[in-house]
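Structure, as structure tokens:
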Amino acid sequence: MRKIRLLILLSTISIVLLVGGCATAPGVDERERISSPEPSTQSIGVSEPDELKTEKLETKELLLEDRELEVDSHDAAPSADGLHKKPERQSDDMERLD
Amino acid sequence: MTTVFNKIHRLKQQPGWTWDHFLTEIDKCSAAGIDEKTLYSHYREPHKKPNGHLEKLINQLHDDCFPNPFPEDLNRLMRLYNHLFSCKKHMAKEKDIQDLEFFLQQQSQREEDLLRISRLHWLLGNIEFDRIPLYRDNGMRDQLALCKQQAINHYQKSVSAIEAHNQHAAQEETVGASHLYKARHNILACYLNAVPQASRAKDADIIDYLKASNYIAMSKQTLEVEPFQWTIARNGLRFSSLIENEVDVKWFFMALASLSQRFLGLDYEPLNHGAISDGDDFHWAIDNVLTSDYLASVKVAIQKKGNGRRT
């Protein structure tokens, strides 16, 4: 009885590992294309799944934010050098009027 | 920024503007119109956030009835700057703002028209004003002092240009008192925002300017004409609290509560503003004047006034 339980446990673990391994392995299935930053679906005329579009947008936003940080660090006003804290409007600052 | 709440009140205050007339004017602007209940609830509730459709219609009507006296190209430039400043995704934002600032400085030196000079300096003042929290929060005292002073100088030049314009302009072309009030409000805001909240009550610069500028009296005058300007009443309450003036605290609090009884709850949060109970600047007023007994007496007084009007 113990041997059977052990066998079931081992086979479950191996299935989990197998599935996990497939999901992360490169060049295997649709998942790989979804996680790729530059999928090739457009070039062959296949319409993008919604998930793929969303992920592409998110990736682009992240890239944009990285670039934004880079540019800011080079082009920011000299007086803003060495800032360690983001400027935040205090809860009760007076707003300016136009 | 003038809120939709204020604009609805200002429009409604015009002679002959009954609710029926108001709705007819709205229908002229848009076939979709606005539901009467929606319009009325935005008239009554200072915390209500308007949707895009309502905001667009009210802005359009307001601009038609109360045209802005400043050149439209510079008003649009100011809007562009506001969008640029608030855009989180814009790359090299500070560099672009610096370029715009350079252009504005050049223009303001070449310009001869007083209203254009005024608006250019106003925008230059806004740019410096928006840098104040950055330097304050990072403890950059020298830069903070410089940008605060530059912002004040620009707003002061803007005020002087308006006053010079008004001296020579025909009556219908003069710039109204509300615009002068706004520029002076911005000067006071430079003094206030430059100081971390915990130190404001003891800051000599704020107190000195507050007394010298006659801000409290000007706020009361403005509220006599436009009692719906709750942000002015709220700021009046704030500064009366900072200088520990009980009479003025009561005056401005009554102005708020008369506009909406919701302000009787110190936890009430009007649109884009925190509750009075959360603001450090109001501590003295809350501890010494706005007690629960006092709030209850104000409520009774307002209800009596309301009953008196009905009978």
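Considering only B:GLY279, B:ASN75, B:TYR181, whose Cα is most displaced toward the positive end of the charge dipole of chain B, charges sitting on Cβ of Lys, Arg (+1) and Asp, Glu (-1)?
The Cα lying farthest towards the positive end belongs to B:GLY279.
Charges at C-beta only: +1 for Lys and Arg, -1 for Asp and Glu. How large is the resulting dipole of chain B about its Cα centre, in Debye rounded to 20?
Approximately 600 debye in magnitude.
So what's the net charge close to B:TRP284: Lys and Arg +1, Asp and Glu -1, counting the other residues with Cβ under 12 Å from its Cβ?
Computed value for this residue: -3.
Place a +1 charge on the Cβ of each Lys and Arg in the range B:1-157 and a -1 charge on the Cβ of each Asp and Glu, then give the dipole magnitude about the Cα centre in debye, rounded to the nearest 20.
So the dipole magnitude of the range B:1-157 works out to roughly 480 debye.
Quote the FRET efficiency, to the nearest 0.05, computed for B:LYS49 versus B:LYS89 with a Förster distance R0 of 25 Å and r equal to the Cβ-Cβ distance.
That pair, B:LYS49 with B:LYS89, gives E of 0.65.
Which net charge results when you count Lys and Arg as +1 and Asp and Glu as -1 among the other residues whose beta-carbon is under 15 Å from that of B:ILE207?
In short, -2.
Quick one: length gained pulling B:ALA31 to B:ALA177 fully straight, 0.36 nm per residue minus the C-alpha distance?
49.1 nm
Could you tell me the relative contact order of the range B:165-311? Use alpha-carbon pairs under 8 Å, at least six residues apart, and round to a whole percent.
Value for the range B:165-311: 17 percent.
Springs between alpha-carbon atoms under 10 Å, Gaussian network over chain B: tell me which of B:TYR191, B:TYR294, B:TYR43 tops the mean-square fluctuations.
B:TYR294
Roughly speaking, what is the stretch gain from B:ALA204 to B:TYR40, that is 0.36 nm per residue apart minus the C-alpha to C-alpha distance, in nm to one decimal?
The span from B:ALA204 to B:TYR40 would gain 54.7 nm if fully extended.
What quantity of accessible surface, computed with a 1.4 Å probe and excluding non-protein components, is buried in total between chains B and A, in Å² to the nearest 100?
What B and A bury together is about 3200 Å².
What order, most packed first, do the peptides B:224-233, B:270-279 have when packing is the mean number of other Cβ atoms within 10 Å of each residue?
My ranking of the peptides, most packed first, is B:224-233, B:270-279.
Quick one: dipole size for the range B:105-202, taken about the Cα centre, charges +1 on Lys/Arg Cβ and -1 on Asp/Glu Cβ, in debye to the nearest 20.
520
For B:ALA275 and A:LEU7, what does the FRET efficiency come to when R0 = 56 Å and r is the distance between their Cβ atoms, rounded to the nearest 0.05?
0.30
Given the DSSP H assignment, sum -39500 (n - 2.57) over each helix run of at least 4 residues in chain B and divide by its residue total; what's the result at 222 nm in deg cm²/dmol, nearest 500?
After summing the helix terms and dividing by residue count, I get -23000 deg cm²/dmol.
When chain B is modelled as a GNM with alpha-carbon springs shorter than 10 Å, which of B:LEU295, B:LEU80, B:LEU237 fluctuates the most?
Maximum fluctuation in the GNM of chain B, among the listed residues, is at B:LEU80.
Could you look at the range B:201-248 and say what percent of its accessible area is carbon and sulfur, using a 1.4 Å probe and all protein chains?
49
Could you give the length gained on full extension between B:VAL247 and B:SER297, defined as 0.36 nm per residue of separation minus the Cα-Cα distance, in nm?
Taking B:VAL247 through B:SER297 to full extension adds about 16.5 nm, to one decimal.
Could you tell me how far the Cα centroid of the range B:85-146 sits from the Cα centroid of the range B:276-301, in Å?
That distance is 38 Å.
The values are calculated or read from the model by the stated rules, or taken from the named source; none is laboratory data. Everything numeric in this text was worked out from a predicted model, so none of it was measured. Virtual Cβ from ideal backbone geometry, glycine too; neighbours counted across all protein chains shown. Ligands, DNA and RNA are excluded from the accessible area calculation, which covers all protein heavy atoms including side chains. Shrake-Rupley method; radii C 1.70, N 1.55, O 1.52, S 1.80 Å.
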